[in-house]
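Note sheet for the following structure.
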Amino acid sequence: PPQYYVRAISDHWVGCETAIAVSFQHLILPDRHPAHTDLLDLHPIPRTALRNPTFESIYRFSYFNPVQTQTFHTLYHTDVNMLVGAPTGSGKTITGELALLRLLTKRPGAKTVYIAPLKALARERLSDWQKKLGNTLGLTILELSGDVTPDLLLLKKADVIITTPEKWDGITRGWAKREYVQKVELVIIDEIHLLGEERGPVLEAIVSRMRYISAQT
């Protein structure tokens, strides 16, 4: 028997309404836990695949690890959205850097936003990227959190903005009046598994809003 009804009621005509029963008899549901993408047995991609001596200089290793190798082409040669889920210490941060390096190559002047769940993690990423990307590539990297709010001029000049979900949610609500938000073309969200927890709605709002902004600008 039907378990749900969809009821439509007119707000112009009194008594004009209808109800449709939704049957689940032939409903096909996805697996509760979809299978992960298998880690393929690929030859490690060398650092020289970046084909940019400056980019290559920011890494001390000679080859990318298996996770980075498998995601390399999509991140460095396409603009496809990607979800990378892998254990701690598997090099996920570098996969985000690959997307950032592509942005620098293909769209100079565009901005990147890195969203960390905690202020402590944001500061840690700020320190690391100022040394790795700031000193080597000459990028301007700023922290935008509840404790640190740079002035508008610095935000306009920033290449990378490191922030927290709540701060970026508040900032993007007024995106139409903030030119630096409209110039964001890459969003990297760390610890995205928090989507299923208390802060999930904030992350969901950020992703939806950034997609909308992208379609409008």
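The values are calculated or read from the model by the stated rules, or taken from the named source; none is laboratory data. Model, not experiment: these values are computed from the prediction. Here the Cβ is made from the backbone with ideal geometry for all residues, glycine too, and neighbour counts use every protein chain on show. Just the protein is used for accessible areas: all its heavy atoms, side chains included, with ligands, DNA and RNA removed. Shrake-Rupley method; radii C 1.70, N 1.55, O 1.52, S 1.80 Å.
If you take the Cα centroid of the range 173-190 and the Cα centroid of the range 71-120, the two points sit 16 Å apart.
In the chain, what % of DSSP beta bridges are antiparallel (nearest 5)? Show your work: numbers first, answer last.
Numbers: 7 of 20 bridges.
Bridges in the chain are about 35 percent antiparallel.
Extension gain for the segment residue 127 to residue 205, taken as residue separation times 0.36 nm less the Cα-Cα distance, is 25.3 nm to one decimal.
Can you tell me how the range 87-216 classifies by the Cα gyration tensor, rounded, prolate or oblate, using a/c under 1.5 as the rounded cut? Provide the component values of the computation, followed by the final result.
Values: a/c = 1.34, a/b = 1.05, b/c = 1.27.
Rounded.
Excluding residue 192 itself, what net charge comes from residues whose Cβ is under 12 Å from its Cβ, given Lys and Arg +1 and Asp and Glu -1? Once positives and negatives cancel, what remains is -2.
Specify whether the C-alpha gyration tensor of the range 1-149 places it in the rounded, prolate or oblate class, a ≥ b ≥ c being the square roots of the eigenvalues: rounded for a/c under 1.5, otherwise prolate if a/b is larger than b/c and oblate if not. Intermediate values should be presented prior to the final figure.
Values: a/c = 2.91, a/b = 1.88, b/c = 1.55.
It is prolate, given that a/c is not under 1.5 and a/b is the larger ratio.
Across the range 65-74, computed HN-Hα scalar couplings (Karplus, 6.51 cos²θ - 1.76 cosθ + 1.60, θ = phi - 60°) run 6, x, 5, 5, 5, 5, 9, 4, 4, 5 Hz from first to last residue, x flagging Gly and Pro. Length gained on full extension, residue 79 to residue 198: 39.8 nm, using 0.36 nm per residue less the C-alpha separation.
Surface exposure of the range 38-160, expressed per residue as accessible area with a 1.4 Å probe, stands at 56 Å². If R0 is taken as 25 Å, the Cβ-Cβ distance between residue 191 and residue 56 corresponds to a FRET efficiency of 0.30. Contact order for the chain, expressed relative to its length and based on alpha carbon pairs under 8 Å spaced 6+ residues apart, stands at 15 percent.
Please give the contour-minus-distance gain from residue 183 to residue 31: 0.36 nm per residue of separation, less the Cα-Cα distance, rounded to one decimal in nm.
Working: separation 152, 0.36 × 152 = 54.72 nm, distance 3.80 nm.
Answer, rounded to one decimal: 50.9 nm.
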